[in-house]
Amino acid sequence: MSSYSASADQPRSLSPTSASIERDARRINAETTTDPGNIALGVIIGRSSEFFDFFVYGIASVLVFPQFFFPFTDRLTGTLLSFAVFSLAFIARPVGTVVFTALDRAYGRGTKLIIALLILGGSTASMAFLPGYKDVGNLSIALLIIFRLGQGFALGGTWDGLASLLALNAPQNRRGWYAMMPQLGAPIGFIFAAGLFAYFHASLNQADFLEWGWRFPFFVAFAINVVALFARLRLVASSEFGALLDRAELAPVRTTDLVKNHGIDLLIGTFTPLASFAMFHLVTIFSLSWVTLTTDHDIAGFLLVELVGALVGTGTIVLSGVIADRIGRRGLLSVAAVLIAVFSIIAPVLLSYGSRGLDAFVIIGFALLGLSFGQAAGAVASRFGKVYRYSGSALASNMAWLIGAGFAPLVALGLATSFGVAYVGMYLLSGAVCTLGAIAFSRKLETMDD
């Protein structure tokens, strides 16, 4: 019997748990195999819903929230305040990981996912009903903060182990290919979010957009999360998932045990993807704020440029799977980090070159982001042994999002407006250096072990 299903401290009678239901479902599906393609589809749907929620908020934090929640100050300061609230979700993510891991151990993966996705979708959808500062004053900002923290806390609990399930069921020589598939959720989620905002921004006058047009994408989020929840629960109930639980490869462990046994691996896993995570919000949220504040570029038009960039990024994510299977995941991440470092030198020039330069910044940035981001999750998971893989990947990933991406829009906009766009390049360069350093340190540890 697995340690997951028969944990010594797991409530057995008085507390409701989904673990027994999940085991029954796996027995029913014991004769049915789930091929990697179906697993990949479920993983992509799940990841797309998460990124849709976060990108809807990110885009609104530029186009709506400075005027709606912070009208008492100038547009730049309002945007910086909006980005400060934006960052709160990333602070809450590791906290959510710890809390929901404990919930997973006590009540089962299904219970954890249902609660996490209901909080995530509920927090996002609730923002559609928020009153503005002109209506209720500081209460509107307080409510925005609460729901933003709810988003981050819940997203810390949506880690389901399905990406590991996909990788472990993939052919040995196609691990890079299957590792990149969950990462496709990021550009897909952004494409839907940017497309909705572009449509409403282009179709409505400014007053109607700020009054009600921006709310619609937040409504959509809850429905998307419900679809994603059923897609995930179907895979959690698969016989393959149960087999990995029985071998303790997807079972949650105590956070204290994880830190004690894999503290160094958590640190390496946190810093390895920083090059792509630092790039992540620079080409999406920061670039939109820079266009809005410093140019007369048509906003709907620029959102479409970002949408094209996301399509390019989708292509390079797919390409990362092909390359990783040929030269290795760490080799690809090293090459991508070097390319991002080079890009950090030319990025300030592009940001200063007008609308065409900004378009090039987005397209090139998305291309490099996809190449690096495509293997970022796989690089994090590979640091942990099978017993700690599930919990280690979750915590390291959310720590990486906090350090690499959470404060990127706030820091980049603050640096660019206070000291010049050259400092945006330096910020991006720091992420590339962290990635190269983490990869080098990881190799050194392996050499010492040998």
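The values are calculated or read from the model by the stated rules, or taken from the named source; none is laboratory data. Keep in mind the model is a prediction, meaning the values are calculated, not measured. Cβ placement follows ideal geometry from the backbone for every residue including glycine, while neighbour counts extend to all protein chains displayed. Note: areas computed on protein heavy atoms with side chains; ligands, DNA, RNA excluded. Shrake-Rupley method; radii C 1.70, N 1.55, O 1.52, S 1.80 Å.
I'd like the full set of residues that are part of a helix (DSSP H, G or I) and of a type in the set (A, V, I, L, M, F, W, C), limited to the stretch 64-74.
Result: Phe65, Phe68, Phe69.
Of the numbered conditions (1) under 18 Å from the mean Cα position of the chain (by Cα); (2) at pLDDT below 95, Phe83 satisfies every one except a single condition; which is it?
That leaves (2) as the condition not met.
Counting only residues that are polar (S, T, N, Q), part of a helix (DSSP H, G or I) and open to solvent by 20 Å² or more (accessible area, probe 1.4 Å), how many does the stretch 173-222 have?
Number satisfying all stated conditions: 3.
Can we say Ala377 is within 15 Å of Thr270 (Cα to Cα) and not basic (Lys, Arg)?
Yes; evaluated as a whole, the condition is true for this residue.
Within the stretch 395-435, how many residues are open to solvent by 10 Å² or more (accessible area, probe 1.4 Å) and over 28 Å from Tyr353 (Cβ atoms)?
Result for the stretch 395-435: 6.
Rundown of residues vs (1) at pLDDT 95 or above; (2) in a loop (DSSP other than H, G, I, E, B); (3) in contact with a strand residue (DSSP E or B) (Cβ under 7 Å, 6 or more places away or on another chain), yes/no style:
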{"site": "Thr34", "(1), (2), (3)": "no, yes, no"}
{"site": "Asn38", "(1), (2), (3)": "no, no, no"}
{"site": "Gly46", "(1), (2), (3)": "no, no, no"}
{"site": "Phe51", "(1), (2), (3)": "no, no, no"}
{"site": "Ile59", "(1), (2), (3)": "yes, no, no"}
{"site": "Val62", "(1), (2), (3)": "yes, no, no"}
{"site": "Leu76", "(1), (2), (3)": "yes, no, no"}
{"site": "Thr79", "(1), (2), (3)": "yes, no, no"}
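Check whether at least one residue in the stretch 108-120 is outside any helix (DSSP H, G or I) and under 21 Å from Ala228 (Cβ atoms), and report yes or no.
Yes, the conditions are met somewhere in the stretch 108-120.
Kindly indicate whether any position in the stretch 124-135 is out of contact with any strand residue (DSSP E or B) (no Cβ under 6 Å at 6 or more places or on another chain), in contact (Cβ under 8 Å) with a residue 24 or more places away in the chain, open to solvent by 20 Å² or more (accessible area, probe 1.4 Å) and under 18 Å from Ala396 (Cα atoms).
no
Please enumerate the residues belonging to the stretch 62-80 that are farther than 19 Å from Leu139 by Cβ, open to solvent by less than 10 Å² (accessible area, probe 1.4 Å) and either within 13 Å of the chain's Cα centre (by Cα) or not hydrophobic (A, V, I, L, M, F, W, C) (or both).
Thr79
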